[in-house]
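Structure first, then comments.
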Amino acid sequence: MNTCKSAKNYLIFSAGVLISATGIGFITRAGLGTSPISGTPFVLSLATAPSMGFYTFFFNMLFVLGEALIRRCFTLMQALQIPAALLFSVCIDLALSIIPTQYGGPYINSLIFLAVGCIVMAFGISLEVLANVIMLPAEALVRALSLRYHWQFGNVKVVFDTSLTLAAALLAMIFFYKLNGVREGTVISALAVGQIVKVFGSFWKYNAPS
């Protein structure tokens, strides 16, 4: 890959990270829960002072550590996940500061925000895949697990997301005695985003950057 093409692909990846974070902002501000990957940071941000972006970065660093332990090495590509995770986390907090909450408002407004968030997040993820440079720590950890133990990536991803959702639900019950931050929007986004990514992916297949 030449330098010009490499720079272009990293710009595409960065745009994808920003857009994905914006999608998470819309899903969260819908007031119907948030995406599985953001569930635990969101619940913790509701219960404590640090922001959702702060907790997102904290957990991503744990994912980077987990990947390094599984792979028994730490490469430059893994190191690049750290600034990518920082950008992702900052963009989440920025999106949440700009997007108005629909919590407690008309349910139709929440559904619209949820739908917009799923589409925007899926578009961002498809750009990250299209760039084909690095991965965010969560997906990189899933990939490391699938390669190490010869498990299918999709199956590991389902178990991973389910585990994060259950952890978020448990924390919500501990802090609030109810499922604050884990609602129908969490399930809908988990089911919808991947399918929308496939739609964008089929477009990128025929229009990949040269």
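The values are calculated or read from the model by the stated rules, or taken from the named source; none is laboratory data. No experiment lies behind these values; they were computed from the predicted model shown. Neighbour counts run over all protein chains shown; Cβ positions are idealised from the backbone, glycine included. Keep in mind that these areas ignore ligands, DNA and RNA; they rest on the heavy atoms of the full protein, side chains included. Shrake-Rupley method; radii C 1.70, N 1.55, O 1.52, S 1.80 Å.
Quick rundown of the values:
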item: Nitroxide proxy distance, nm - points 7 Å out along Cα→Cβ at ILE98 and ILE70; result: 3.3
item: Estimated distance in nm for a label pair at ALA15 and TYR107, the labels positioned 7 Å out from Cα along Cα-to-Cβ; result: 3.8
item: Of GLY16, GLY66, GLY185, the one that fluctuates the most in a GNM where the chain has Cα springs shorter than 10 Å; result: GLY66
item: Straight-distance crosslink candidates among aspartates and glutamates, where the alpha carbon sits under 12 Å from LYS157 and sequence neighbours closer than 8 are dropped; result: GLU139
item: Residues in the stretch 156-170 reached by a label modelled at TYR149 [backbone nitrogen below 20 Å; 7 Å Cα→Cβ]; result: 156-168
item: Rounded to the nearest 20 debye, dipole of the chain from Cβ charges on Lys, Arg, Asp, Glu; result: 380
item: Area accessible to solvent at VAL116, 1.4 Å probe radius, in Å²; result: 60
item: When the stretch 80-210 is reduced to its Cα atoms, the Kirkwood hydrodynamic radius in Å; result: 16.8
item: Two-site label geometry, THR48 and LEU80: point separation in nm, points 7 Å out along Cα→Cβ; result: 3.2
item: Tensor-based shape of the stretch 1-111 (alpha-carbon gyration tensor, a/c under 1.5 rounded, otherwise prolate or oblate); result: oblate
